[in-house]
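Worksheet for the structure shown next.
Nothing in this text is a laboratory measurement; each read-out follows from the coordinates by a stated rule. Computed from a predicted model, the values in this text were never measured in an experiment. Backbone-built Cβ (ideal geometry, glycine too); neighbour counts: all protein chains shown.
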Amino acid sequence: MNNKILAIVGIVGVPACYGGFETLVENLLDENETKENIRIYCSSKSYSGQLKKHKNANLVYIPLNANGAQSIPYDIWSLCHAVYKGADSILLLGVSGAIFLPFIKLFSKVKVVTNIDGLEWKRAKWVFLIKIFLKFSENLAVKYSDVVVADNAAISDYIKNEYGCDSEVIAYGGDHAVTNNLTLFDEGYALALCRIEPENNVELILEAFSQTDKKIMFIGNWDNSEFGCAMKSKYQSFDNIDIINPIYDIETLFNIRQKCSFYVHGHSAGGTNPSLVEMMHFNKNILAFDCNYNRASTENKADYFKDSSGLRLLIQEQYSLNNASDMLEIAKRLYTWEIVSKQYFSLFK
């Protein structure tokens with residue numbers, strides 16, 4: 001980067017306390033040799049103690065929430081500050097602030113690299129007007145960014161077909177999830193881990209396991225929505241279904257992951273899901289919902305289900321599953337932070 005300043009916009013902040021983009025930034029900092037030239041924008045609403053630096057990156061705090069109704073002004077304020085303070089490049093994570101990109105390109109020469117995330121406008125949780133705005137923002141992000149990053153080959157194909165634009169495919173690393181030497185255990189339970197939202201096929205997975213005697217540990221934010229509370233109330237009485245609140249300690253997750261029989265991935269949107277590529281490093285069989293994003297991430301080598309009956313059949317055939325070694329090979333070839341970081345930093349040279 002040669003003493004040039006890279007501003008990173010669009011996350012809650014670091015140290016990471018939220019989700020996939022925050023984990024991405026943490027690992028970019030770990031792999032970068034010129035950390036002092038990075039400026040990261042953080043929400044002061046999420047940090048009671050405000051560090052000036054983290055892993056030698058400079059931190060700037062914006063007094064707005066990074067998510068919800070304030071996410072758009074939060075990103076725009078961050079972008080304005082980044083340009084005003086002389087950033088040479090901006091990494092914009094998500095499209096909330098993309099409405100401001102035409103002004104950046106009009107009044108500055110800063111290079112903008114945007115990761116458009118996973119076609120956010122298609123998510124079922126958004127009401128119609130928000131979907132319209134997010135689709136409009138996606139359009140602006142593709143049109144006014146110097147480089148568009150897609151985290152999944154299926155999203156890259158969508159960008160090409162929808163906008164006639166090429167994009168860089170850069171996924172996420174997952175090797176940080178393996179914190180110790182991996183020992184193959186099988187303590188007899190399946191594992192699912194996700195945000196408890198309808199588009200992650202939570203009910204499909206629970207319904208399938210409720211009709212078997214196979215135990216599942218299902219980790220998620222059950223108490224954060226009416227949907228989650230309803231699912232918890234309906235299925236927690238089943239002896240083989242363990243409804244578990246979110247676990248953020250990476251060592252605890254490591255132990256749970258390495259001891260499971262297989263992993264069930266229900267995500268149907270969002271491109272390459274960090275939870276999936278993390279699990280691919282554990283040398284476990286993976287059962288994934290059948291959609292183009294998951295097939296792209298697993299190179300068509302996982303086992304796939306489309307409904308609860310299809311998943312139930314896979315559960316019953318668990319001992320004949322044999323994709324674990326393929327998942328591990330793909331993970332080591334594509335989904336390590338060393339590889340991902342080199343791909344990102346090459347965009348700013």
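Rounded to the nearest Hz, the phi-derived 3J(HN,Hα) couplings of region 259-266 under the Karplus curve 6.51 cos²θ - 1.76 cosθ + 1.60 (θ = phi - 60°) are 9, 7, 6, 7, 10, 10, 10, x, where x marks glycine and proline.
The alpha-carbon of K52 sits under 21 angstrom from the alpha-carbons of these lysines, leaving out residues fewer than 8 places away in its chain: K4, K35, K85. Restriction of the chymotrypsin sites (Phe, Trp or Tyr not before Pro) in region 2-69 to DSSP coil positions whose beta-carbon has at most 10 other beta-carbons within 10 angstrom yields no sites.
State whether region 179-334 is rounded, prolate or oblate according to the following rule on the C-alpha gyration tensor (a ≥ b ≥ c being the square roots of its eigenvalues): a/c under 1.5 gives rounded; otherwise a/b larger than b/c gives prolate, and the remaining case gives oblate. Rounded. For the chain, the mean residue ellipticity at 222 nm estimated from helices alone is -11000 deg cm²/dmol, where every DSSP H run of n ≥ 4 contributes -39500 (n - 2.57) and the total is divided by all residues, rounded to the nearest 500.
Rounded to the nearest 5, the antiparallel percentage of DSSP beta bridges internal to the chain is 5%. Which shape class applies to region 36-114: rounded if a/c is under 1.5, otherwise prolate when a/b exceeds b/c and oblate if not, where a ≥ b ≥ c are the square roots of the Cα gyration tensor eigenvalues? Taking the square roots of the gyration eigenvalues as a ≥ b ≥ c, region 36-114 is oblate. Packing order of peptides 252-260, 225-233, 85-93, highest average first: 85-93, 252-260, 225-233 (average count of other Cβ atoms within 10 Å over each peptide's residues). When peptides 168-181, 304-317 are ranked by their average number of other Cβ atoms within 10 Å per residue, the highest-first order is 168-181, 304-317. For region 175-334, the residue among F305, T183, S275 whose Cα projects farthest onto the positive side of the dipole built from Cβ charges is T183. Computed from point charges on the beta carbon alone (+1 for Lys and Arg, -1 for Asp and Glu), the dipole magnitude for the chain about its Cα centre is near 1120 Debye. Note on T179 and E329: the model spin-label points, each 7 Å out from Cα along the C-beta direction, lie 3.1 nm apart.
Dipole orientation for the chain: of the candidates I99, S137, S48, I99 has the Cα lying most toward the positive pole (charges on Cβ; Lys, Arg +1; Asp, Glu -1).
Rounded, prolate or oblate, given the Cα gyration tensor of region 175-218, with a/c below 1.5 counting as rounded?
Working: a/c = 4.83, a/b = 1.46, b/c = 3.30.
Oblate.
What lysines does K214 reach when the alpha-carbon gap must be under 25 Å and sequence neighbours fewer than 8 apart in one chain are set aside? In chain and number order, the partners are K232, K234, K259, K284, K301, K306. Remark on K111: its backbone amide H falls under 5 Å from those of S89, I90, a criterion applied only to residues 5 or more positions apart or on other chains, H modelled at 1.01 Å from N.
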